[in-house]
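Mind looking over this structure? Questions follow.
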Amino acid sequence: GGTLGEPAAQFQRRTGYKLVLADAELASRRTGGRFRGDDVEGFVRILEKNYGIESERMGDGSIVLRRAVLAGGN
């Protein structure tokens, strides 16, 4: 596995989708497994399900990834 910043950069190069990591901690977060280089939606779903990350689609087509805020507090 590597860090989240690595596949995010690969997706941008391969698909043109810009994945914006909202904070530096996300870029250095360790991830495991393999991701298809052209399946941005699948990658984002995995992050949401397994890594506590929320995504937001922006008007310019970019996808902002940030740590999910847990209900009821920090």
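The values are calculated or read from the model by the stated rules, or taken from the named source; none is laboratory data. The shown structure was predicted, so the numbers you read here are calculated from the model rather than taken from an experiment. No Cβ is skipped: glycine too gets one built from the backbone with ideal geometry, and neighbour counts run over all protein chains shown. Ligands, DNA and RNA are stripped out before the accessible areas are found, and what is left, the full protein with its side chains, is counted by its heavy atoms. Shrake-Rupley method; radii C 1.70, N 1.55, O 1.52, S 1.80 Å.
With each run of n ≥ 4 DSSP H residues scored as -39500 (n - 2.57), what mean residue ellipticity at 222 nm is computed for the chain after dividing by its residue count and rounding to the nearest 500 deg cm²/dmol?
On the way: 3 runs with 27 residues, N = 74.
Mean residue ellipticity, 222 nm, calculated: -10500 deg cm²/dmol.
If you place +1 on the Cβ of every Lys and Arg and -1 on the Cβ of every Asp and Glu, how big does the dipole about the Cα centre of the chain come out, in debye to the nearest 20? Don't skip to the end; give the middle numbers.
Working: 12 positive and 10 negative charges, 43 e Å.
That gives a dipole near 200 debye.
Moving to a separate point now. What does the accessible area per residue of the chain come to in Å², with a 1.4 Å probe and no ligands, DNA or RNA counted? Write down the numbers at each step before the final one.
On the way: 4810 Å² over 74 residues.
Counting only protein heavy atoms, the per-residue value for the chain is 65 Å².
Once fully extended, how much extra length lies between Asp60 and Phe35, figured as 0.36 nm per residue of separation less the alpha-carbon to alpha-carbon distance?
Details: separation 25, 0.36 × 25 = 9.00 nm, distance 2.39 nm.
Going from the current span to full extension adds 6.6 nm.
How tilted is helix 5-15 with respect to the longest principal axis of the chain? Cα atoms for both, answer in degrees (0 to 90, nearest 10).
Compared with the principal axis, the helix lies near 40 degrees.
Another question, then. Quick one: pull the percent of accessible area on the chain belonging to carbon and sulfur, 1.4 Å probe, ligands and nucleic acids left out. Each step should come with its number before you reach the end.
Values: 2240 of 4810 Å².
With neighbouring chains kept in place, the figure for the chain is 47 percent.
Return the Cα extents of the chain along principal axes one, two and three, sorted largest first, each rounded to a whole Å.
38, 31, 21
Take every DSSP beta bridge whose two residues both sit in the chain, then give the antiparallel share in percent to the nearest 5. Working shown, then result.
Working: 6 of 9 bridges.
Here the share of antiparallel DSSP bridges comes out near 65 percent.
Using a Gaussian network model on the chain with a 10 Å cutoff between Cα atoms, which of Asp38, Asp23, Asp60 fluctuates the most?
Asp60
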